[in-house]
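Notes follow the structure.
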Amino acid sequence: MSSVPRPTGDAAALRTLNFINGEFVAARSGKTFENRAPTDGRLIGLVSEAGEAEVDAAVRAARAALAGPWGGLDIAQRSEMLYAVADEINRRFDDFLQAEVADTGKPLSLASHIDIPRGAANFKIFADVVKNVPTEAFQMATPDGKGALNYALRVPKGVVGVICPWNLPLLLMTWKVGPALACGNAVVVKPSEETPSTATLLGEVMNKVGVPKGVYNVVHGFGPGSAGEFLTRHAGVDAITFTGETRTGTAIMKAAAEGTRAVSFELGGKNAGIVFADCDFDAAVEGIGRAAFANCGQVCLGTERVYVELAIFERFVQALKARAEGMKPGRPEDKATGIGPLISQEHRNKVLSYYKKAVADGATVVTGGGVPDMPGELKNGSWIQPTIWTGLPESSAVIREEIFGPCCHIRPFDAEDEAVALANDTPYGLATTIWTTNLARAHRVAAKIDVGICWVNSWFLRDLRTPFGGSKESGIGREGGVHSLEFYTELRNVCIKL
Ligand code: NAD
């Protein structure tokens, strides 16, 4: 039996199961929830909702794995296994691609270029990182003249709870599972209820390449009163890594306070783009266009506030409008498709409520603002128009709050300091993208924006060795490269009296 429903066939008969201790299991309660395709609302299949019993079984399996063969592997052996995981994902590339595209509706061109390759690469990069990170050693003098030697050992944290969002399901999940396993932990993953498939498929990969049972577990369900809460409250979980909304992060932090468990948070953003008149104009339009509309605007690093120097403001607005209007909505497999649907009807209602608010707050709608007219069964999908506004006051909720849709507000500025102040006027601090050909300005402004990631003349360009995370309400901690080791390991100092 396959663990993941395929997008065709008798959907009602298909179940996405939990993956616990190397086996695909249905919840004892028999509870399921629907997984529907955002493109046309069709039922992809039913997902088994884990209860407290399944979450407990998964945590226990993970704990047992640490005490079993997994805990006995050395770094080289673990790394070899993670390379095999990456290779097997790539061998089953089309299965992962189909599952991800069915769950999210994103264009195949995007998922085949970013989601799946990066999902695989996350295992290799962290396998390489752990092999090459030294620890510190200090010699110290002692009164008897013989001295002592201190050195540090990196040991796994233990059982790590991994709570994931739906916007880049495989990529963001493996971004955590890769380093967690490379460091020798065992994990229990709770994928988003919207996108359960690729995490489940990864269970098949783990079994195929011989990752010991219990090292990688998946429990399905929702947040409060469901698998998410059961996992974060479980006393057997040593650390929690979470990507999602800031509000959810607050709830998880409260749960983690019990037992003082460590958290790593990648949260929401309300990122600014700053476009100076001396930019490479076409590159800036292309870059801001991607930052605002890629993945239907459902990227935490996306740009919903754009500040453009007055001299090029009108021209920029018109150029971005042309770009937005050139993005054709359509089926993922259609090569002409430039934009997919939002993840769900519920999320579309949220985004549309901001489209309404923008008008109520006095915005000029440059383009979009509603729902596109889609043919046939696509009418049942959660499609939305890419949207650009101008003329809103900075106090508007549209400017203050994360919308997570394909939209941006563009406002002119006169001076560099003004642009910096506007960009920083937010409780969030995730990312920014600056467009200028003035090198001195680029360095100067980058140093002043209070964010975790600052791009200059680019957006979403990621070297996976670099620190990734947010400041202010956008996160706690950094993941990526050696920085992931700070969270996924404990440093133990050994002091030897000579
Ligand atoms: P979400 O917070 O609604 O849900 C994320 C996950 O948390 C889901 O698996 C959900 O079931 C679970 N969850 C919800 N409530 C919970 C609770 N009380 N206890 C335990 N688990 C709970 O986020 P989402 O809508 O899936 O994703 C979109 C959000 O994620 C946006 O805010 C976006 O900015 C953010 N995001 C951030 C980054 C980043 O790297 N900073 C990356 C991607 C997405």
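The values are calculated or read from the model by the stated rules, or taken from the named source; none is laboratory data. These numbers come from a predicted model, not from an experiment. Reconstructed Cβ throughout: ideal geometry from the backbone, glycine too, with neighbour counts over all protein chains shown. Heads up: the accessible areas ignore ligands, DNA and RNA and are worked out on the full protein's heavy atoms, side chains in. Shrake-Rupley method; radii C 1.70, N 1.55, O 1.52, S 1.80 Å.
Overview of values
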| quantity | calculated |
| --- | --- |
| Karplus (6.51, -1.76, 1.60) ³J(HN,Hα), θ = phi - 60°, over segment 375-381, in Hz, Gly and Pro reported as x | x, x, 6, 5, 4, 7, x |
| Residue-count net charge about Glu479 - beta-carbon cut-off 15 Å; Lys, Arg +1, Asp, Glu -1 | +3 |
| For segment 271-463, convex hull of alpha carbons as volume per residue, Å³ | 116 |
| 13 Å beta-carbon shell around Lys328, net charge (K/R +1, D/E -1) | 0 |
| The chain - percent relative contact order, Cα under 8 Å, separation 6 or more | 18 |
| Built amide H within the under 5 Å cut-off of Thr195, gap 5+ | none |
| Cα centroid of segment 150-189 to Cα centroid of segment 262-293, whole Å | 28 |
| Fraction of beta bridges assigned by DSSP in the chain that are antiparallel (%, nearest 5) | 40 |
| Karplus-derived 3J(HN,Hα), 6.51/-1.76/1.60, for each residue of segment 211-218, Hz, glycine and proline x | 5, x, 4, x, 6, 10, 10, 10 |
| Distance violations [Cα-Cα > 30 Å] among Lys131/Lys270; Lys190/Lys356; Lys190/Lys270; Lys176/Lys328; Lys208/Lys335; Lys190/Lys448 | Lys131/Lys270; Lys190/Lys356; Lys176/Lys328; Lys208/Lys335; Lys190/Lys448 |
| Set of lysines near Lys497 by C-alpha distance (under 26 Å), chain-local residues within fewer than 8 positions excluded | Lys146 |
| Coil-residue GluC sites (Glu not before Pro) of segment 204-292, DSSP, other Cβ within 10 Å capped at 13 | Glu258 |
| Centroid-to-centroid separation of segment 109-130 and segment 432-497 [C-alpha atoms, Å] | 19 |
| Residue-normalised accessible area of segment 236-351, expressed per residue, 1.4 Å probe, Å² | 37 |
| Ile20 long-range amide H proximity, modeled H, under 5 Å | Val25, Val218 |
| Amide H within-cut-off set for Phe222, under 5 Å, with H built and near neighbours excluded | Ala227, Gly228 |
| Per DSSP, loop trypsin sites (Lys or Arg not before Pro) in segment 100-202 with at most 13 further Cβ within 10 Å | Lys146 |
| Leu491 accessible area, assembled protein chains, probe 1.4 Å, Å² | 90 |
| Percentage relative contact order, segment 249-339, counting C-alpha pairs under 8 Å, at least six apart | 27 |
| Largest-first principal axis extents of the Cα set of the chain (Å) | 72, 68, 39 |
| Restricting segment 256-357 to trypsin sites (Lys or Arg not before Pro) in coil, as DSSP defines it, with at most 10 other Cβ within 10 Å | Lys335 |
| Exposure of Ser109 as accessible area (Å², to 10), given a probe of 1.4 Å and all protein chains | 80 |
| Ellipticity estimate at 222 nm from DSSP helix runs (n ≥ 4, -39,500 (n - 2.57)) divided over the chain, nearest 500 | -11000 deg cm²/dmol |
| Area accessible to solvent at Glu401, 1.4 Å probe radius, in Å² | 70 |
| DSSP-defined beta bridges in segment 271-463 - what % are antiparallel, rounded to 5 | 10 |
| Whole-percent carbon and sulfur share, accessible surface of the chain, 1.4 Å | 54 |
